[in-house]
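Please read the structure below before turning to the comments.
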Amino acid sequence: MTNKPSILITGCSSGIGYYCSHALQKDGWQVVASCRKLDDVSRLQAEGLCCIQLDVSCSDSISTGLAKTLELTGGKLDALFNNGAYGQPGAVEDLTRDTLRKQFETNFFGWCELTNAVIKIMHQQNSGRIVHNSSVLGFAAMPFRGAYNASKFALEGLSDTQRLELADTNIRISLIEPGPISSEFRPNALRALNDNIDINSSRFGFQYASAIARLSTPGPVSRFTLGPEAVYKKLHHALTAKRPKARYYVTFPTYLMGALKRILTTRAMDRILGKIKN
């Protein structure tokens, strides 16, 4: 047990979760990082992180992972950073029910289940911070990202509701809404596309070829891509500020889309979003 503030972070094998786990530990937090795969757990442990296995798509794993976290932190948990997610590409008409369900199990249902369990702990200690890592696609839908759009739109609605319901407590809810960030998101999305979309029978063959080319390109594909440290700056504020914000934009595209949503009609937004490359 330690006097350091404690935090559980999901999805730490790479990208945002990986960077933020190391950064928070350096900044004096007791970090419990979590990964879905045991190989990644071992790798992060070898790097000096306290890391456990937790798969947010599995209720048993959530229960076991949270119990292990509380064992490590002495029964208290000051913060939760929900980050573990993936993006399922594909036109909505090409998504099977099972494919859509898998997207929501990881990106939404698991987050809600874990958050509800953590909220009970935070009620007992009369304090806590919960930060959900959403996306620009949580408020600005783009074509061929329907499953991911839907999961993040749902997350935003959930977070807004949680914030209202917890307004009379000392538990604070924040959303981080990144745009393009350097991570393993695109390689993971490419695997999801190949595994779950029947490209050969789709009328969107040309668009899928473009998507595969984009997702296969190494390095940033947008000049607005930032490193995970940009997300960490917002996360740190959400965790430590006396009055954390409800929403934190990250990257120029997020700020731009947020501004355009406020001033343009739906028809005008559709024209802009429809031109974005798949």
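Read-outs: derived from the displayed coordinates by stated rules, not from any lab. Keep in mind that this is a model prediction, so the values were computed, not measured. A quick note on method: Cβ atoms are made from the backbone with ideal geometry, for glycine too, and the neighbour counts reach across all protein chains shown.
Numerical summary
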quantity: DSSP-assigned coil residues among GluC sites (Glu not before Pro) in the range 1-101, each with at most 13 further Cβ atoms within 10 Å; calculated: 47
quantity: Amide H contacts of residue 248 (H built 1.01 Å from N, under 5 Å, at least 5 apart or other chain); calculated: 175, 176, 177
quantity: 5 angstrom amide H check on residue 30, placed H, neighbours 5+ away; calculated: 6, 7
quantity: Which labelled figure in (i) 0.96; (ii) 1.03; (iii) 1.06 is Rg/Rh (Cα atoms, Kirkwood Rh), once derived from the coordinates; calculated: (i)
quantity: Restricting the range 167-206 to trypsin sites (Lys or Arg not before Pro) in coil, as DSSP defines it, with at most 12 other Cβ within 10 Å; calculated: 203
quantity: Sparsely packed trypsin sites (Lys or Arg not before Pro) within the range 228-258, loop by DSSP, other Cβ within 10 Å at most 15; calculated: 242, 245
quantity: Gaussian network model of the chain, Cα within-10 Å springs - most flexible of 117, 150, 268; calculated: 268
quantity: Percentage of interatomic Cα-Cα distances in the range 143-277 larger than 21 Å; calculated: 55 percent
quantity: log₁₀ of I(q)/I(0) at q = 0.12, 0.13, 0.16 Å⁻¹ - the range 1-131, Debye sum with one point per alpha carbon; calculated: -0.45, -0.52, -0.76
quantity: Of the DSSP H helices in the chain, those whose Cα atoms cover at least 20 Å axially and whose Kyte score averages -0.5 or more; calculated: 59-73, 110-125
